[in-house]
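The values are calculated or read from the model by the stated rules, or taken from the named source; none is laboratory data. As the structure is a computational prediction, the values presented were derived from the model and not from experiment. Note that each Cβ is placed from the backbone with ideal geometry, even for glycine, and that neighbours are counted across all protein chains shown. For accessibility, only protein heavy atoms count, side chains too; no ligands or nucleic acids. Shrake-Rupley method; radii C 1.70, N 1.55, O 1.52, S 1.80 Å.
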Amino acid sequence: MAGPGSELPSGPVAPMLLSWLTGLGAGMVLLSFMQKLLYPYFWDDFWYLLKVVCCGFRMEMYRLKGELVTVLDKFLMHAKKQPQKPFIIYEGDIYTYQDVDKRSSRVAHVFLNHSTLKRGDTVALLMSNEPDFIHVWFGLAKLGCVVAFLNSNIRSVSLLHCIRSYLLGTIEEILPSLPGDISVWAMKESVPQGIISLKEKLSTASDSQVPHSHHVASNLKAPYLYIFTSGTTGLPKAAVICQLQAMKGSAGLWAFGCTSNDIIYLTLPLYHSAGSLLGIGGCIELGATCVLKKKFSASQFWNDCKKYNVTVFQYIGELCRYLCKQPKREGEKDHRVRLAVGNGIRSDVWREFLHRFGNIKMCELYGATEGNICFMNHTGKIGSVGRANFLHKLFFTFDLIKYDFQKDEPIRNEHGWCSHVKKGEPGLLISPVNAKNPFFGYAGNRKHTEKKLLCDVFKKGDVYFNTGDLMVQDQENFLYFWDRIGDTFRWKGENIATTEVADIIGMLDFIQDTNVYGVAVPDYEGKAGMASITLKPNTSLDLEKVYEQVVTFLPAYACPQFLRIQEKMETTGTFKLQKFRLVEEGFSPLKISDPLYFMDKLKKSYIPLTKEIYDQIILGKIKL
């Protein structure tokens, strides 16, 4: 029998209460309907920004407690709490958190006992994807050294530039050109004279813990890594990655919903920030497992995902396109992958990927290695790199400004100020540089850092980071990547500095001027390299020599696919080489009367680009 306190109201109160509850319910339904109609992404935005706030709050709590926790510190915590959990799986071999901790400690002790390395020194790491990349990286970090990741594809000129400008080096072909005070170590037992074998000394090194005093962080803005990037001009530049940036990067997988139970498949190169900061750093933030591949293989991709029960993989746009180009086979949706995190996937590839491989949430993001702005597509909107609203702008401030494509510079009004683009129009993405959003720049020559900054943009004294990227913001505040500006373009997942390619070609004694740019090719991400050249008087073009020059001194992805021979090089009003018209004309022999040539790897030369070859490229019968 119900007690007196549980009785429902009776008499005239009951209908009133029932009416009130009915009205409340109807109001809630109407409110929910209006929210979905007028603010359809409100809850997506809210939960994403709540994660951002939580991440910032957590770091602030560390600071208030006097604990400057770094990515390395978090790794050591996991090695202590879950020593037997697999951290890295590589070619079937399992490396637990404890294994990596002990092996990296051996590396640290070798350098402590057999070198003059000390806290704050810079060490270059030139290695492809393998567990020892992580062992050496963490071992040096345990000594408090700043590690510089060198692109394992770069060749002699660029590599020597990197080492002479900032760092130490590890490659035999440039050994005679290195300064005498640089010591070179190799992860091999048999090494040439002048190189020290790290592998040999590891066998007898101690795996005891390195004293915390060697790597304790005194300032989260202190350099942690140097990651080389082409930026927008010239040879590779060492972007300064501080401890704070590394911590923020490591939170990316967590922000997209990954957990410690996920198994993350990583085929991207570790010398890039996507592989090292987001990939390895992200696994450490979660305490998760990483399946590491030496390099991406489209034919092995899904077999690996099934074999290792992969739940998350990292991508660049090209990777997804390659997977979609693979022959169809049974059971393509028979896997456990639920998330894919990366950048640069085209809308058409995105749709085809989901249709073919199942309900995988594509977590597209945008960010530059050295940049102070990033976007994350937390809604799954196809084609978008992220969404901005008034809440987003509280944490990630940015502007899209008008840009002159002919002059290759921002448009300024009669007062010298830049102006915003309208929604739906492409604009240059810039982000204010201040205490909340610092830009740490590049190691070495300060001019490289200054070139990435725009000053007096909207008012006297303001400073903005120039991303070098054109973006479009639609009426729903979704952002879309539109194009690169300046002297770079993207191909095969790599940024290519046009000036570096031009300098290499310009070394040939019959070349007068070289103008390098990217051209769009159907069904390919990014742009293929093309070089427009003029010849010196009374010389002839040697196509085999041009081929030999580029393949010798440039990584494969940077070699121009096409050549165009011009009688005279056009320049802008400020005497810059004119690229705009050349880019628009592309590589079509139907539009261009100048001689055109195509890179033929079988003949090891450039050959005339005929209409037949052009048609085969357009139809995808000739692969670039």
Residue span Phe510 to Phe440: 0.36 nm per residue of separation minus Cα-Cα distance leaves a gain in nm of 21.1 nm
Once both label points are put 7 Å beyond Cα along the C-beta direction, the Lys545-Leu590 separation in nm becomes 3.5 nm
The range 388-443, convex hull of Cα, quarter of hull surface, nm² -> 5.8 nm²
Treating only Lys and Arg (+1) and Asp and Glu (-1) as charged, each at its beta carbon, one finds that the range 336-467 has a dipole about its Cα centre, in Debye to the nearest 20, of 480 debye
Length gained if Arg63 through Asn538 is fully extended, taking 0.36 nm per residue and subtracting the Cα-Cα distance, is 164.2 nm
In nanometres, the difference between 0.36 nm per residue of separation and the alpha-carbon distance of Asn113 and Ile618 is 175.9 nm
SASA check, His272, accessible area w/ 1.4 Å probe, all protein chains in place, rounded to nearest 10 Å², comes out at 50 Å²
Counting every C-alpha pair in the range 188-293, the percent lying more than 22 Å apart is 54 percent
In whole µm²/s, the translational diffusion coefficient that Stokes-Einstein assigns to the range 480-520, given a Kirkwood hydrodynamic radius over C-alpha pairs, 37 °C and 0.692 mPa s, equals 287 µm²/s
Fraction of alpha-carbon pairs in the range 581-624 farther than 17 Å apart, rounded to whole percent, equals 32 percent
Listed by chain and number, the lysines with an alpha carbon less than 18 angstrom from that of Lys188, same-chain partners under 8 positions apart left out, are Lys199, Lys201, Lys294
The range 411-496, Kirkwood Rh and Cα Rg, ratio Rg/Rh at 0.99
Quotient of Cα radius of gyration and Kirkwood radius for the chain, i.e. Rg/Rh, equals 1.02
In terms of the charge dipole of the chain, which places +1 on Lys and Arg and -1 on Asp and Glu at the beta carbon, the residue among Val53, Cys363, Ala79 farthest towards the positive end is Ala79
Expected sort for 132-143, 98-109 on mean C-beta neighbours within 10 Å, highest first, is 132-143, 98-109
Which of Lys293/Lys603; Lys306/Lys601; Lys407/Lys611; Lys579/Lys611; Lys452/Lys601 exceed 25 Å between C-alpha atoms? The answer is Lys293/Lys603; Lys306/Lys601; Lys407/Lys611; Lys452/Lys601
Pairs over 27 Å Cα to Cα, from Lys295/Lys545; Lys381/Lys492; Lys527/Lys604, come to Lys295/Lys545
Here FRET efficiency (C-beta to C-beta, Ser208 to Lys188, R₀ 30 Å, nearest 0.05) is 0.75
For the chain, the percent of accessible surface on carbon and sulfur atoms (probe 1.4 angstrom, ligands and nucleic acids excluded) is 56 percent
From most to least accessible, 1.4 Å probe, no ligand or DNA/RNA atoms counted, Glu364, Glu91 line up as Glu91, Glu364
Plugging the Cβ-Cβ distance of Lys601 and Phe405 into 1/(1 + (r/R0)^6) at R0 = 30 Å yields, to the nearest 0.05, a FRET efficiency of 0.35
The size of the Cβ-based charge dipole (Lys, Arg +1; Asp, Glu -1) of the chain about the Cα centre, to the nearest 20 debye, is 840 debye
The computed P(r) of the range 356-474 puts the percent of Cα pairs beyond 24 Å at 31 percent
Once the dipole of the chain is set up from charges on Cβ (+1 Lys and Arg, -1 Asp and Glu), the residue from the list Leu339, Val433, Ala274 lying farthest towards its positive end is Leu339
The range 477-624: spread of alpha-carbon positions along the three principal axes, whole Å, largest first, is 57, 41, 30
Residue-normalised 222 nm signal for the chain, counting each DSSP H run of n ≥ 4 as -39,500 (n - 2.57), nearest 500 deg cm²/dmol, is -9000 deg cm²/dmol
Result for the chain: accessible area per residue, probe 1.4 angstrom, in square angstrom, of 48 Å²
Under the Karplus relation with 6.51, -1.76 and 1.60 and θ = phi - 60°, whole-Hz ³J(HN,Hα) for the range 115-129, x at Gly and Pro, equal 8, 9, 4, 9, 3, x, 5, 9, 10, 8, 10, 10, 7, 7, 5
In whole Å, largest first, the alpha carbons of the range 549-613 cover along the principal axes 41, 30, 19
Given Cβ charges of +1 for Lys and Arg and -1 for Asp and Glu, the option among Phe465, Gly144, Val216 whose Cα lies farthest towards the positive end of the dipole of the chain is Val216
Across the alpha-carbon set of the range 460-555, Rg over Rh with Rh taken as the Kirkwood radius works out to 1.11
